[in-house]
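Encoded as structure tokens, the structure appears first; notes follow it.
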Amino acid sequence: MQTRRFGKTNFDVSVLGFGAAPAAFLNTEPTAAAALVNLMLDAGVNLLDTAAMYPGSEAFIGEHLAHRRDDYILVSKCGTKVSESTAAPWTPQLVADSVERALKLLKTDVIDVMLLHSCDLATLQKGDALAELVKARDAGKIRHVGYSGDNEAAAFAAGLPDVAVIETSINIVDQVNIDTVLPAAGKNDIGVIVKRPIANACWRPKEAFRGFYGNYAKPYIERFDKMNLSPEQLGFAGDDVQEHWPEIAIRFTLSFPEVSTAIIGTTNPANAQANLGYVARGPLPSGAVETLRSAFRAGNTEGKWTGQT
């Protein structure tokens, strides 16, 4: 597994990370989910991403993966309401309570990275939520402070001296953060975790999207249709060229040197194995990257395709 430098954290992180939300959201059988994560750890994946707002996710990691704590960089997120605290979202007390809750659920003495979870720019500028994370860092409860989000807020966070890690959306149909967040991250030596690198599989037939997930993926589906690209235009051929889209998506995201790792939360072992193979092939050729960048610019004629939180 290829690794990249994780900004000023001094960690080296695998280019593929595991997002632990689906292990809880999709009601996956915990033993099977744990077996899949262990497979990925054995293959060299060394970053696990979770959050207080993912029901059951922190507890899943603590229950099934704490025995391998030395094998992974642990990232969680906080700031949203949790049932164990009466404090309001984004308040210092809620942040402090969430850190203590995470330490308990994750069964660890220290969390490697704790991110504020998609608060707005005004909350970041107010500063007290971030200051509470800095207090937790200075107390040895977390190692590094960061922010998860997009657009102007993420670019602002990347310029703050106490921020070491940014988690943001970058994929074939979500490219604004390439131009706004990555330059700030590179300038300030920020580790970058990319969420949604496979773009919610927006190339799938529309009938494959149902309920909540269909609404969640809708903006990406609409953008993909408007970009009107085929794998052949990107240098991919074969009997079923549509099968190339997951590879194209992952390798596109990893084509930017400022990106440290891309997290994917599959619960399907076959997909996990395929993703490991895709990242082993490295970034896309520069011509394919530019074709995707041009198609995004051409589709985003009104400038409304912002980063999706």
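The values are calculated or read from the model by the stated rules, or taken from the named source; none is laboratory data. Worth saying up front: this structure is predicted, and the values here are computed from it rather than measured. Neighbour counts run over all protein chains shown; Cβ positions are idealised from the backbone, glycine included.
For the reader, a short list of remarks on this structure follows.
- Only one of Val13, Val37, Val45, Val75 that is without any contact (Cβ under 8 Å) to a residue 40 or more places away in the chain, surrounded by 18 or more Cβ atoms within 10 Å (Cβ to Cβ) and either under 21 Å from Ile193 (Cα atoms) or in contact with a Ser or Thr (Cβ under 9 Å, 6 or more places away or on another chain) (or both): Val37
- Hits in the range 150-179 - residues which are of a type in the set (S, T, N, Q) and either free of Cβ contacts under 8 Å to residues at least 40 places away in the same chain or under 21 Å from Asp12 (Cα atoms) (or both): Thr168, Ser169
- Going through (1) of a type outside the set (Val, Ile, Thr); (2) at pLDDT 95 or above; (3) over 27 Å from Gly307 (Cα atoms); (4) surrounded by fewer than 21 Cβ atoms within 10 Å (Cβ to Cβ) one by one, Ala102 falls short only on (4).
- Scanning the range 1-16 for residues that are closer than 11 Å to Val279 by Cα and at pLDDT 95 or above yields a total of 5.
- Restricting the range 55-71 to residues that are buried (at least 22 other Cβ atoms within 10 Å of the Cβ) and either within 20 Å of Val165 (Cα to Cα) or within 17 Å of the chain's Cα centre (by Cα) (or both), the residue that is modelled with the lowest pLDDT: Ser57
- Test for Glu84: is it assigned to a helix (DSSP H, G or I) and acidic (Asp, Glu): no
- Subset of the range 225-250 [outside any helix (DSSP H, G or I) and surrounded by fewer than 15 Cβ atoms within 10 Å (Cβ to Cβ)]: Asn228, Ser230, Gly235, Ala237, Gly238, Asp239, Asp240
- Members of the range 251-275 that are within 26 Å of Ile190 (Cβ to Cβ), of a type in the set (A, V, I, L, M, F, W, C) and in a helix (DSSP H, G or I): Phe252
- Number of the condition not met by Gly265 [criteria: (1) closer than 18 Å to Asp150 by Cα; (2) in contact with a strand residue (DSSP E or B) (Cβ under 6 Å, 6 or more places away or on another chain); (3) not basic (Lys, Arg)]: (1)
- Among the residues of the range 1-15, just one is hydrophobic (A, V, I, L, M, F, W, C) and within 15 Å of Thr253 (Cα to Cα), namely Val15.
- Residue within the range 288-306 that is in contact (Cβ under 8 Å) with a residue 40 or more places away in the chain, of a type in the set (A, V, I, L, M), part of a helix (DSSP H, G or I) and loosely packed, with under 15 Cβ neighbours inside 10 Å present: yes
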